[in-house]
Number of protein chains: 2
Amino acid sequence: MPASSVPDIVVGRLPLYLRALTQMAASGKEITSSQELGERLGISSAQIRKDLSQFGEFGKQGTGYNIAYLTDQLRRILKVDRIWDVALVGIGDLGRAIAHYAGFVDRGYRVVAVFDSDPEKIGTPVGQLTVEDTRRIVDVVRARRIAVAMLAVPRDAAQEVTDRLVEAGIHAILCYAPTSVQVPKGVHVQYIDPVLHMQRMTYYLP
Amino acid sequence: MPASSVPDIVVGRLPLYLRALTQMAASGKEITSSQELGERLGISSAQIRKDLSQFGEFGKQGTGYNIAYLTDQLRRILKVDRIWDVALVGIGDLGRAIAHYAGFVDRGYRVVAVFDSDPEKIGTPVGQLTVEDTRRIVDVVRARRIAVAMLAVPRDAAQEVTDRLVEAGIHAILCYAPTSVQVPKGVHVQYIDPVLHMQRMTYYLP
């Protein structure tokens, strides 16, 4: 089935399935079921079966899913059976935490270039990398054929940096700046703003 | 309309509207429309009107929304017309970035207690706060009547800390640990895992 025909909301659940399966495998499990996965994730087993059926036949009624096989298939579908080079822009507290986070590589991503506009930061080390001038984004991203970026800049800088990333050929941006950015069709943006999540919860509190 | 009758997906969009309206107000705008908001957010104007209509009449056909008024109403609905005290557990790179983040207070949240289990961190300062032992979570959270927590601990510690937070009376948890945690009914959990967002995008990349 061509990628474009699967609803994005379904695509959005696949990483959750992959994460849970990876954890099950790490704890020594070999077989699971849509029921077990569902309980773990708070998603109905019917939903999980329906989601997975969009991509093929991954289990048989009554025998469950082979975790290693389904993991491999999900990694292939999500294209994390490879490692994506990532450009990180903005080396404040958050950017530094992202750069140091060890949990990206074994899930498909590796930060290979870090940028900041602050002259005091440019040229300094962040882990194994050296902070480069944001004015060099287009050159560096093109030369290294980087397709994915993370944006940890202040709100007011987000659109300008986004424009530069798009010009450089970036097709996926994870935006930590608390704002919405405009991108041309074909460029994907996902947002992380903790306050949005917090407000969604305090709505329900007495 | 009672809170429980509004779909959570609608509740989830209100913080986005509030954020955009706040930015419009900061740039000096006084009036907006569902069209303008929609273009800014990539959400249809019909959806925005429908979402807001669940909570009352906030604008008149043809005259648009008064930004200050709608902002006040959304802050009241989302219960961020007050400031929530927040407990932060886990003072690694990410926890430290969260503790230092200046963008929480004017949107309704203030980190008032930080916890870690590492003896080398306990007793050390993080901004204006001092790291406390995670074993003191129940005492401190109860004494200070904290209702909201952020979890920035490693994956393997997430469930244990969650259990302690729930025991302490926490009703909303923002979980940065890359795993799913189990909570009793009535406790809300939202997750932030950047890899889930990244995988959702690389799915579409060539």
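The values are calculated or read from the model by the stated rules, or taken from the named source; none is laboratory data. Just so we're clear, the structure is a prediction, and the values are computed from it rather than from any experiment. Using ideal geometry, Cβ is built from the backbone for each residue, glycine included, and neighbour counts are taken over all protein chains shown.
Observations, loosely collected:
- Some residue of region B:170-190 being away from every other protein chain (no Cβ under 14 Å) and either crowded, with 20+ Cβ neighbours inside 10 Å or not in a helix (DSSP H, G or I) (or both): no
- None of B:Val153, B:Val141 is farther than 30 Å from A:Val187 by Cβ and either part of a loop (DSSP other than H, G, I, E, B) or within 14 Å of chain A (Cβ to nearest Cβ) (or both) except B:Val153.
- Only listed residue being outside any helix (DSSP H, G or I) and under 20 Å from the mean Cα position of the chain (by Cα), chosen from A:Leu94, A:Leu14, A:Leu88, A:Leu21: A:Leu88
- Looking only at region B:1-23, and only at residues there that are of a type in the set (Ser, Thr, Tyr) and within 12 Å of chain A (Cβ to nearest Cβ), the one that is surrounded by the most Cβ atoms within 10 Å (Cβ to Cβ): B:Tyr17
- Breaking point among (1) touching a helix residue (DSSP H, G or I) at 6+ places or on another chain (Cβ under 9 Å); (2) away from chain A (no Cβ under 14 Å); (3) more than 29 Å from B:Arg136 (Cβ to Cβ), for B:Tyr69: (1)
- Some residue of region A:80-91 being in contact with a Pro (Cβ under 8 Å, 6 or more places away or on another chain), buried (at least 16 other Cβ atoms within 10 Å of the Cβ), among the small types (Gly, Ala, Ser) and within 14 Å of another protein chain (Cβ to nearest Cβ): yes
- Checking each residue of region A:116-130 against the condition of being outside any loop (DSSP other than H, G, I, E, B), closer than 26 Å to B:Leu205 by Cβ and either facing chain B (nearest Cβ under 10 Å) or of a type in the set (Gly, Ala, Ser) (or both) gives no match.
- Region A:24-35 - residue that is within 13 Å of chain B (Cβ to nearest Cβ) and at pLDDT below 95 and, of those, nearest to B:Tyr203 (Cα to Cα): A:Ala26
- Yes/no for B:Ile122 being within 23 Å of A:Gln199 (Cβ to Cβ) and in contact with a Ser or Thr (Cβ under 9 Å, 6 or more places away or on another chain): no
- Residues satisfying the stated conditions in region A:28-63, i.e. of a type outside the set (A, V, I, L, M, F, W, C), in contact (Cβ under 8 Å) with a residue 24 or more places away in the chain and buried (at least 18 other Cβ atoms within 10 Å of the Cβ): A:Thr32, A:Ser34, A:Asp51, A:Gly59
- Filter result for the condition that a residue is out of contact with any Lys or Arg (no Cβ under 7 Å at 6 or more places or on another chain), part of a helix (DSSP H, G or I), more than 9 Å from chain B (Cβ to nearest Cβ) and among the acidic types (Asp, Glu), over A:Asp106, A:Asp51: A:Asp106
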